[in-house]
1. In the stretch 12-48, what residues are among the basic types (Lys, Arg) and under 19 Å from residue 78 (Cβ atoms)?
2. Across the stretch 20-43, what is the number of residues that are out of contact with any strand residue (DSSP E or B) (no Cβ under 6 Å at 6 or more places or on another chain), of a type in the set (A, V, I, L, M, F, W, C) and at pLDDT below 90?
3. Counting only residues that are assigned to a loop (DSSP other than H, G, I, E, B) and closer than 16 Å to residue 81 by Cβ, how many does the stretch 12-54 have?
4. Within the stretch 55-91, work out how many residues are outside any strand (DSSP E or B), modelled with pLDDT of 90 or more and surrounded by fewer than 14 Cβ atoms within 10 Å (Cβ to Cβ).
Amino acid sequence: MHTIVRINIENIEELIYIVEEKITPSLLQQRGCRQIQIFKSLENPNELNIISEWDTEEDARNYFRLDKIHTLWESLPNAHLVGGIRYLKLVYNSKKNDA
């Protein structure tokens with residue numbers, strides 16, 4: 001299962017640094033967190049999308065209830081969480097063979 005968090009901020013490089021140095025280590029130490037990916041929006045240069053992969057929905061929801069991540073984002077000037085945290089269940093996956 002995956003979560004997506006979208007954040008708008010004027011200084012996106014500062015946010016990338018905080019995600020890499022503070023949020024990612026905390027997430028990866030949590031029960032069930034497998035991976036974190038950071039995507040910069042092509043449509044909005046001030047938007048960052050953080051996708052995390054979890055063993056279970058319960059693991060993800062337990063972490064995000066801790067509000068650690070919200071505290072870090074709220075401490076950034078002009079940072080705005082867009083649409084809250086979204087929880088997604090993978091229903092289909094296909095990859096191209098690079099043979």
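The values are calculated or read from the model by the stated rules, or taken from the named source; none is laboratory data. Nothing here was measured: the structure is a model prediction, and the numbers come from that model. Cβ placement follows ideal geometry from the backbone for every residue including glycine, while neighbour counts extend to all protein chains displayed.
1. Correct list: 22, 40.
2. 2
3. Residues in the stretch 12-54 being assigned to a loop (DSSP other than H, G, I, E, B) and closer than 16 Å to residue 81 by Cβ: 3 in total.
4. 5
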